[in-house]
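Report on the structure given below.
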Amino acid sequence: MMLWRVQAVIDIESEEENPMIVNRTENFEEDLLGKVVSTEEEAYNLYNSYATRTGFSVRSGQKRYNTKKVLRQFSYFCSKEGFRLDSDPSEVSMANKLETRTGCEARIRFAFQNDNGMWKVSHFVYEHNHELAMPEERQFLRSNRKVSEAHLGVIKTMMDAGIRTTNTYSYLSEEVGGSQNVGFTKRDCYNVVNKEKMVMIEAGDAQSLINLFKRKQAEDPMFFYTVQVDQENQMTNFFWRDGRSRIDYDCFGDVVVFDTTYRTNRYNMICAPFVGVNHHWKNVLFGCAFLLDEKTDSFIWLFETFLESMGGRKPKTIFTDQCQAMANGIEKVFPGVCHRLCSWHISQNAARNLGSYYGNPEFNHMFNKCLQGYCETELEFQSTWDDLLAKFNLTGNQWLKTLYSLRAKWCPVFSQHIFTAKIKSSQRSESTNNVFHQMSTKTMSLTQFVHHYDKQAEKMRSSELEESFRCNQGLSSRIAKSSGLMNHAATVYTRKIFKLFEKEFVDSLGVMMHEVGSDGTIHSFELNEEGHKRVYIVQLNSLNCSISCSCKMFESMGLLCRHTLRVLNVKCWSQIPKQYILKRWTKDANKGLEASEHGELLQTKGKSSVTLRRNTLMRTAYDVLTKASETENTTRIALQKLREIAGLIEKEMIKSKGEVNAKIHDSLDDCNATTFDETPVQNPSCVRPKGISNARLKSVMEKRRRKTSKDIVSSRKAKQPSSIGPSYNSSHAPLSSNFLHPDGVPMSTNINNHVYPAISLLTTNGHAYLPPSNQVQELFMLGNLDSF
């Protein structure tokens, strides 16, 4: 057997014959026999440092105790010591694993010294029977790879910020001058990230999510959440919003955009954010939900929950895509609210259903005139629509018939008197949803998604704060100074809204005006824009300073149009009438509510005190260490002081460790543990997306094969979908999971040997009931279960 001797005496001839061996034994004259250490950890560091310099890895060995079970000896071995036990040939994972053991005898033993209470090296074998690692390879030795606390803090911070693991490792490598100086490999970095993710959901994804919501509610009294489960205690739907979302809704909740575009998690649940528009014309989050399906019952539950979380205040207008189940839910929960359909979705559907017609420029002009609100009156819309059908012979097109029946929900001319903030599609919601979709993956847990949601919400609110600062610091434009109306608008409106107002004011200069009537108080004007034949009617009441226009821009947008501005400018008005300054567009839109008693709490909510302290220390230390690195003397001083600081901190941490652990344990008990009366919520079942199958792709011959009678019978079997059960929310205890049928038949039992789909459950005294079995069977045979 060939031995690689640590203490080998190498003469000149062997050095010339095998210079590779000399390079690996340049530090081999070191002898650890007789070395003394004070702790077991110090002993390991001594041998591991020696192993790193030599080129091998270390693992723990035997420990020996006396009769009183007091440790007397312990050893460390070379990682290639011994041989692996023979494994079962059927265990493929073990069979494919490479053999790394060589029976190496290199080791070290420490024995306890009674006279001084220290540990002394009593036995040291330095001979290896395997090749040692080259200097450039020693970074990969297992015992030499360790993620330090400092690196772990950086990794956690970047993980919370949504930075990819590979970019995190690249940053750490750049900081220390290369991956060989990091102290661990990229795979180790991925393992650390995965471990942190598993810790995040160690109680199960669903239960960990509820625990997270409980902690958030403890930090923010205005936080609201509701979780719905089925009869198997599996999570089905959930909704949450924080305190700041409630404040934003109080200010900007007159228009809500709701969309269910993406499934952005491992369960293929539907991500459904509620989005609004703030006074800077930017998106603002009112809350978010995850749904297991897109059924009417699910939407009714969600809309009722959303309404409850917002104190029962309904929006004026809600925008959605073209979904009948969603429309049914809105009709029941939001009666009287203007329901508008997404014009972008209608355009996409038109391209699919109208084929070559949609590529015709003349057809597009007429169709978009109806869709985008270019028709002034309902009569003009009807005339344009009839001309479109007649000209392109589309009178019998079923899709256009259905679209026409819904015209009140998508054509602006039918809702000119309703405030819509000039939103014509749900692309605002889609853009917000797309942000979450880009940063999430199909393997992301729900708990992780909520963390990412919080980060994105924080970014959006920071952007709003910056824009508010710019509004307060900005000065009026030159045009604003030349006009009283413009100067007043620049004073009250935000920058973005002022730009919209400025455009209307400039365009008003090209509007021709004729006064057609006056009784001394009410003045009537006819106006038409230069180059256009359409006439607009404006009425001005000089007594109460009211003004109106037939274009209805103020009613739908909340800003005066170019026609009314033309009249006010000619009549030498220097200020906008106060009743026409909508507070939601002003600089002070949320001033009173943001400075509430919860203001300070909301600003610091979600930020760990540990993270804040670490960031403060890192900023201070970075400035000091940057200066210290300029010369060798200052570097030496900095290292000396850092070692002193490290020693003091270590002593303080040992002293206060027990107290800190006790406090942490007491504070988290109520948030992380379920009570005796609460059964842990199970993870939701994975929903297969529409049009996507996980089955193996069939060949052409398999597709041509005709179905057998067995296949036909199998395809007719009904599958029982997951039902919707009781809810957990932030203000009510969980309902009982004891589900019974009125006839005394448990829900898990097949009634009359048939499996029936789950029907909406009515909870009474903490129990859920189904309708009588004879009614269920009758409706099931008729295929009419919507009656329930």
Cα pair count fraction exceeding 27 Å, expressed as % - the range 52-198 | 47
For each pair in Lys156/Lys216; Lys332/Lys401; Lys481/Lys587; Lys314/Lys459; Lys332/Lys455; Lys499/Lys578, compute the distance between the two Cα atoms and list the pairs where it is over 23 Å.
-> Lys332/Lys401; Lys314/Lys459; Lys332/Lys455
Hey, what do the phi angles of the range 523-536 turn into as Karplus ³J(HN,Hα) couplings, whole Hz, using 6.51/-1.76/1.60 and θ = phi - 60°, x for Gly and Pro?
-> 10, 10, 9, 10, 10, 9, 7, 4, x, 10, 8, 5, 10, 10
Loop-resident sites, the range 485-541, for GluC sites (Glu not before Pro), counting at most 11 other Cβ within 10 Å (DSSP) = Glu530
List, largest first, the extents of the alpha carbons of the range 464-584 along their principal axes, each in whole Å.
-> 47, 33, 28
Which far-off residues, 5 or more places away or on another chain, put their amide H under 5 Å from the one on Gln73, with H placed in the peptide plane?
-> Arg64
Label Asp507 and Glu137 with points 7 Å out from Cα along Cα→Cβ: what is the distance between them in nm?
-> 7.4
Ranked highest first by average number of other Cβ atoms within 10 Å, how do 60-66, 534-540 line up?
-> 534-540, 60-66
With N residues in the range 233-317, what two-decimal value do you get for its Cα radius of gyration over 2.2 N^0.38 Å?
-> 1.09
log10 of Debye I(q)/I(0), alpha-carbon scatterers only, for the range 197-338 at 0.09, 0.16 Å⁻¹ | -0.28, -0.88
Using the Cβ atoms and a cut-off under 15 Å, what net charge is assigned to the surroundings of Leu354, where Lys and Arg are +1 and Asp and Glu are -1?
-> +2
Backbone HN-Hα couplings from phi across the range 326-343 [Karplus 6.51/-1.76/1.60, Hz, Gly and Pro as x] = 5, 5, 4, x, 5, 4, 7, 8, 10, x, x, 7, 5, 9, 10, 8, 6, 5
Cβ-defined net charge surrounding Cys545, 13 Å radius [Lys, Arg +1; Asp, Glu -1] | +2
Net charge over other residues, Cβ less than 13 angstrom from the Cβ of Gln139 (K, R count +1; D, E count -1) | +4
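Coordinate-derived values only; no laboratory data. From a predicted model like this one, the values you see are computed outputs, not experimental measurements. Counting neighbours? That spans all protein chains shown, and the Cβs are built from the backbone with ideal geometry, glycine included.
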